[in-house]
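Please read the structure below before turning to the comments.
The values are calculated or read from the model by the stated rules, or taken from the named source; none is laboratory data. What you see is a predicted model, and the numbers here were worked out from it, not measured in a lab. We place every Cβ from the backbone using ideal geometry, glycine too, and count neighbours over all the protein chains shown. Just the protein is used for accessible areas: all its heavy atoms, side chains included, with ligands, DNA and RNA removed. Shrake-Rupley method; radii C 1.70, N 1.55, O 1.52, S 1.80 Å.
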Amino acid sequence: MIAKLDQEQTFQLVQKCSEGDEESLKKFFEIYAQDIYNFPIRIFHLSEDDAGDFFLFAFERLRTGKRFHSFQGKSSFKTWLYTVLRNLLIDWQRNRREIKTISRRKVNKDGVEYSGIEEEADLLAEETKRANEFSELFHSILSEIKIENRVIFKLAFIYYLSLNEEEVEYIIQKTGITKEELKKKILEIREYLSNKEIESIEHENKITSLYMQILELKETQKKEEYYKFEDNLPNKNKLEIAIQKKYEQR
């Protein structure tokens, strides 16, 4: 089993993956393939067959490297990976009945015929591009704000934003603490917020699990393949009740 990388090595690997570097992508899958496969089993209790299908679905969408653009190192890699896998799992659940083992001819919005899911437009790449452009504009505008206001703003969002040298010196001057003390305090805050973020992800996973169950119930309802119940109430009514309960849980 290949050992996991440290934070800096992981960031460098993901950066290379985002550039489409084949060796880096190969290394990523060698390290995290088991995590990707186990994710739907451990989090959503899917069967091994479904986990295998999801793995192929995720592989097709990760192997281009485009989805790696969204990792900026602001949160932990585990947080980012689980968020990506959860979103892919929702996409897979929505489209699983459209994925075939044979080649299918399709026509894109420009009227060009293509084959296979690997050639489908990656909408996330466009979204990531727009997000990066917005981020650049945001930081450009932020740099024009007076330093005292800028520092307050960055400290309020310190989990996502970093202080530059000028801002660090400003805080040291105002508070009298050392640079090491400031660094230690920021790391403590980020660690605390990271743990809170992991808790949020666990809640989101539960919500996603309920969402998938709702989709399955609706699919069953649509196909009229109703579950067998012990009493004599109509199956249709019971499915509607089951779906409503899942909505309430979510």
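Can you tell me which of 26-33, 169-176 comes out highest on packing, and rank the rest after it, using the mean Cβ neighbours within 10 Å?
26-33, 169-176
Considering amide H positions built from the backbone, and no H for Pro or chain starts, which residues 5 or more places from R63, or on another chain, come under 5 Å of its amide H?
Close amide H contacts, sequence-distant or interchain: none at all.
Tell me, in nm to one decimal, what length is gained between L215 and D53 on full extension, where the rule is 0.36 nm per residue of separation less the Cα-Cα distance?
56.6 nm
Mind ordering 138-144, 211-217 by average Cβ neighbours within 10 Å, highest first? Before the final figure, lay out the partial values.
Numbers: 138-144: 10.0, 211-217: 16.9.
With the highest mean Cβ count within 10 Å placed first, the list reads 211-217, 138-144.
Starting at the first residue of the range 62-67, write each ³J(HN,Hα) from the Karplus equation 6.51 cos²θ - 1.76 cosθ + 1.60 with θ = phi - 60°, in whole Hz, x for Gly and Pro.
9, 5, 6, x, 5, 5
Testing the spin-label approximation: label points 7 Å from Cα along Cα→Cβ at E188 and Q244. State their distance in nm.
With each label point 7 Å from Cα toward Cβ, the separation is 5.2 nm.
Residue by residue through the range 17-26, which ³J(HN,Hα) values in whole Hz follow from phi under the Karplus form 6.51 cos²θ - 1.76 cosθ + 1.60 (θ = phi - 60°), with glycine and proline marked x?
4, 5, 8, x, 5, 4, 5, 5, 4, 4
Using a 1.4 Å probe, how large is the accessible area of S24, given in Å² and rounded to the nearest 10?
10 Å²
Quick one: 3J(HN,Hα) in Hz for the range 162-170, Karplus 6.51/-1.76/1.60 with θ = phi - 60°, rounded, Gly and Pro as x.
10, 8, 8, 4, 4, 6, 5, 4, 5
Distance in nm between label sites at T175 and Q7, each 7 Å beyond Cα in the beta-carbon direction?
1.7 nm
Provide the gained length on full extension for the span F138 to K26, in nm with one decimal, where the gain is 0.36 nm per separating residue minus the Cα-Cα distance.
Using 0.36 nm per residue and subtracting the Cα-Cα distance, I get 36.9 nm.
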